[in-house]
Amino acid sequence: MLSERELAFIALHKDCYPRIFRFVRRRVNDAEVAQELAADVFRVAWQKWDEAPVVEPFWLFTVARNLLGNAYRSHERQQALQVRLRESAATESGPDADNALVDEAMAGLREKDRDILQLAYWDDLTIAEIAGVLRCSESAAKVRLHRAREAFRKRMPAPTNSLSQKMGA
């Protein structure tokens, strides 16, 4: 049997989720990211449920706005990291054709796939460490890394050298 708290939260979610999702979706380009951010709004609401006497819809929009700001800042940091990684790769090995192929393949991937590949290969993290960074189970991290590798393989030309083997292709 559900508690009164759970029933109230379910009612709030049912009433407000579509509005929160539309609010977030208008501000991000990716529907998956919008779903995650909208879900995070309700995660925060659940965590703060006992602290606030009543959770009002305007408070949910404030939380959504704050999470959007965090997401934008994170995206900007990721973009800056991409630039630094490309510059670093160019200065360490010169304008190598293999690096250009990898850069092109990486640029064509979804941000999530790029991130997990960078964690695995650039940052040399273990599956357990990747799971910690992504806040998911090790099984989920393995699946995500596998899918990212597959996406990378599809974007790379047929392997003619050892570079694709270094990237896990």
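The values are calculated or read from the model by the stated rules, or taken from the named source; none is laboratory data. All of these numbers come straight from a predicted model, not from anything done at the bench. Cβ coordinates were reconstructed from backbone atoms using ideal geometry, including for glycine residues, and neighbour counts include every protein chain displayed.
Given the residues LEU81, LEU67, LEU2, LEU85, which is the only one that is surrounded by 17 or more Cβ atoms within 10 Å (Cβ to Cβ) and not acidic (Asp, Glu)?
LEU67
Could you list, ordered by first residue, the pairs with Cβ atoms under 8 Å in which the first is in the stretch 147-163 and under 15 Å from ALA107 (Cβ atoms) and surrounded by 11 or more Cβ atoms within 10 Å (Cβ to Cβ) and the second is at pLDDT 55 or above and of a type in the set (Val, Ile, Thr), at least 6 apart or interchain?
Listed by first residue and then by second, the contacts come to ALA148/ILE116; MET156/VAL102.
Among (1) surrounded by 12 or more Cβ atoms within 10 Å (Cβ to Cβ); (2) in a helix (DSSP H, G or I), where does VAL55 come up short?
(2)
Quick check: anything in the stretch 40-48 within 25 Å of ILE116 (Cα to Cα), loosely packed, with under 14 Cβ neighbours inside 10 Å and at pLDDT 90 or above?
Scanning the stretch 40-48 turns up at least one residue that is within 25 Å of ILE116 (Cα to Cα), loosely packed, with under 14 Cβ neighbours inside 10 Å and at pLDDT 90 or above.
Output the residues belonging to the stretch 126-135 that are under 20 Å from ARG110 (Cα atoms) and either in the same structural domain as GLU36 (by TED's automatic domain parsing) or at pLDDT below 90 (or both).
ILE130, ALA131, VAL133, LEU134, ARG135
If you take the residues of the stretch 22-31 that are out of contact with any helix residue (DSSP H, G or I) (no Cβ under 7 Å at 6 or more places or on another chain) and under 19 Å from GLU76 (Cβ atoms), which of them is surrounded by the most Cβ atoms within 10 Å (Cβ to Cβ)? Let's see the steps before the verdict.
As a first pass, look at the stretch 22-31 and keep what is out of contact with any helix residue (DSSP H, G or I) (no Cβ under 7 Å at 6 or more places or on another chain): 22, 26, 29-30.
Remaining after also requiring under 19 Å from GLU76 (Cβ atoms): 29-30.
Working: ASN29: 7, ASP30: 13.
Top of the filtered list is ASP30.
LEU60 - would you say it is in contact with a Cys (Cβ under 8 Å, 6 or more places away or on another chain), surrounded by 14 or more Cβ atoms within 10 Å (Cβ to Cβ) and modelled with pLDDT of 80 or more?
For LEU60, the condition - in contact with a Cys (Cβ under 8 Å, 6 or more places away or on another chain), surrounded by 14 or more Cβ atoms within 10 Å (Cβ to Cβ) and modelled with pLDDT of 80 or more - is met.
Could you tell me how many of the residues in the stretch 22-44 are farther than 13 Å from VAL63 by Cβ and not basic (Lys, Arg)?
The qualifying residues number 9.
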